[in-house]
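**Student:** The structure under discussion is supplied below as structure tokens; questions concerning it will follow.
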Amino acid sequence: MSFDLNAYLEELRPLINLDCGTLTVEGIEQVANTMAAKYEVMGGWDIKRVDCGKAGTGLEIRNKPESDVIDVMMIGHMDTVFPVGTAAKRPMSTDEKRAYGPGVSDMKSGLLNIVYALRGMDKDVLDSMSLCICMNPDEEIGSLHSEEWLKSVAKSARHVLVAESARADGSLVKARKGVARYKLTFKGKAAHAGNEPQKGRSAISEMAHWILAINTLTNFDTGTTLNVGVVSGGEGSNIVPADAEAIVDVRFWDNDEYALVDEKIRAMAELPFIDGVSVVLEREAYKPAMTPSEKTEA
Ligand SMILES: [Zn+2]
């Protein structure tokens, strides 16, 4: 099959020129309808609409729905991170090198690339395999309403490919570090630094202990690293600070090692360094590491 770039771009355009940020269900519905229609036209695909609650519709498309095993599952997401109005403000445009617009690379082109791959496949090869294409409506908020469904389908799949572009050179990504982000809120007791400083409990001093303790949890050899990246606190130099806040980023290859780090800092929050100061720990984000195994290599 020859590749016609202009035809590709014209097929991409209606997927870009609509607002379909996560939870914008009308837009998601339109993307789902547009994508489903492409498979209908191709023929031979069983198209199932999956209810993803308030995130809207997901699509599960198979060529052998009766088969217990899926040889290759391909995943893509239909949502973007952009608010309503973005498509009108900056609809799809192109120059000699690139296409621009909300979701061009993340990841409407990925959804379309799957379709192009399938259209271009030899029919005998296609018929010899059990394929499943899943498109979820809420990846940008961590697939909150579609995770269970995707996992349940993936259990039957021998191979799973995510069709989102990842590296500028087109490389396939088979490994990714895990990431977690914590917010630490320190609550002490304010006091005038001149008149009665002994009555105060410094939230910033507590935070200082934490920063040093957190730094000791880093292990460059194994790749588990912690970074206290943002701190704030205090109201004035003449006041013992009652409040402080720190944001900590954790990266890791080893999910078990991360679990230990998580355990340690949760335990630290139970036992503050300074009497009279309390610490609230919130994990704001978390994604486990994707570590390649022998199966990945295969
Ligand atoms: Zn994406």
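**Student:** Any chance you could run the full-extension gain for Asp275 through Arg251? It's 0.36 nm times the residue separation minus the Cα-Cα distance, nm to one decimal.
**Tutor:** Working: separation 24, 0.36 × 24 = 8.64 nm, distance 3.08 nm.
5.6 nm is the gain from fully extending Asp275 to Arg251.
**Student:** How many nm is it between the label spots at Ala37 and Glu282, if each spot is 7 Å from the Cα in line with the beta carbon?
**Tutor:** 4.3
**Student:** Related question: Please report, in debye to the nearest 20, how large the charge dipole of segment 15-71 is about its Cα centre when each Lys and Arg carries +1 at its beta carbon and each Asp and Glu carries -1 there. It would help to have the intermediate numbers written out before the result.
**Tutor:** Details: 6 positive and 10 negative charges, 12 e Å.
Dipole of segment 15-71, to the nearest 20 debye: 60 debye.
**Student:** Could you tell me the convex hull volume per residue, in Å³, taken over the Cα atoms of segment 33-117?
**Tutor:** Values: hull volume 10.7 nm³, N = 85.
Given the Cα convex hull of segment 33-117, per-residue volume reads 126 Å³.
**Student:** Give me the percent of DSSP beta bridges within segment 5-173 that run antiparallel, rounded to the nearest 5. Don't skip to the answer; put the middle values down first.
**Tutor:** Details: 12 of 24 bridges.
Just about 50 percent of them are antiparallel.
**Student:** How big is the antiparallel share of DSSP beta bridges in the chain, given as a percent to the nearest 5?
**Tutor:** Working: 44 of 56 bridges.
Bridges in the chain that DSSP calls antiparallel: roughly 80 percent.
**Student:** Run through segment 199-257 and list the GluC sites (Glu not before Pro) located in a DSSP loop whose Cβ has at most 16 other Cβ atoms within 10 Å. Don't jump to the answer; show the numbers that get you there.
**Tutor:** Working: sites: Glu206, Glu235, Glu245, Glu257; in loops: Glu235.
For GluC sites (Glu not before Pro) across segment 199-257 that sit outside H, G, I, E and B with at most 16 neighbouring Cβ atoms in 10 Å, the list reads Glu235.
**Student:** Right, something else. Take the Cα coordinates of the chain, assign each an equal point scatterer, and use the Debye formula without solvent to give log10 I(q)/I(0) at q = 0.09, 0.10, 0.16 Å⁻¹.
**Tutor:** Debye curve over Cα of the chain, log10 I(q)/I(0) at q = 0.09, 0.10, 0.16 Å⁻¹: -0.61, -0.72, -1.23.
**Student:** May I pose another question? Between the DSSP loop rule and a limit of at most 14 other Cβ atoms within 10 Å, which GluC sites (Glu not before Pro) in segment 1-88 are left?
**Tutor:** Glu66
**Student:** Please report the relative contact order for segment 5-173, taking Cα pairs under 8 Å with a sequence separation of at least 6, and give it as a percent rounded to a whole number. Kindly include the intermediate steps, with their values, before the conclusion.
**Tutor:** Working: 293 pairs, mean separation 52.2, N = 169.
Relative contact order of segment 5-173: 31 percent.
**Student:** Out of Ala157, Ile274, Leu131, whose Cα points farthest toward the positive end of the dipole of the chain (charges: +1 Lys, Arg; -1 Asp, Glu; placed on Cβ)?
**Tutor:** Farthest along the dipole direction, towards plus: Ile274.
**Student:** Can you give the Kirkwood hydrodynamic radius for segment 5-173, in Å, rounded to one decimal and based on Cα pairs? If you can, show how the numbers build up before the last one.
**Tutor:** Values: mean 1/r = 0.0613 Å⁻¹.
Its Kirkwood hydrodynamic radius stands at 16.3 Å.
**Student:** Select from segment 1-97 those chymotrypsin sites (Phe, Trp or Tyr not before Pro) which occupy a DSSP coil region and have at most 10 other Cβ atoms within 10 Å, ordered by residue number.
**Tutor:** Working: sites: Phe3, Tyr8, Tyr39, Trp45; in loops: Phe3, Trp45.
Here the chymotrypsin sites (Phe, Trp or Tyr not before Pro) that fit, given the DSSP loop and packing criteria, are Phe3.
**Student:** Okay, next question. With the chain treated as a Gaussian network of Cα nodes joined by springs under 10 Å, which of Lys199, Lys54, Lys64 yields the largest mean-square fluctuation?
**Tutor:** Largest GNM mean-square fluctuation: Lys199.
**Student:** Apply the Karplus curve 6.51 cos²θ - 1.76 cosθ + 1.60, θ = phi - 60°, to the phi angles in segment 156-164 and return the couplings in whole Hz, x for Gly and Pro.
**Tutor:** 8, 9, 7, 9, 10, 10, 9, 8, 8
Read the figures in this text as sums done on the coordinates, not as results from a lab. All figures in this text were calculated on a predicted structure; none of them were measured in a lab. Neighbour counts run over all protein chains shown; Cβ positions are idealised from the backbone, glycine included.
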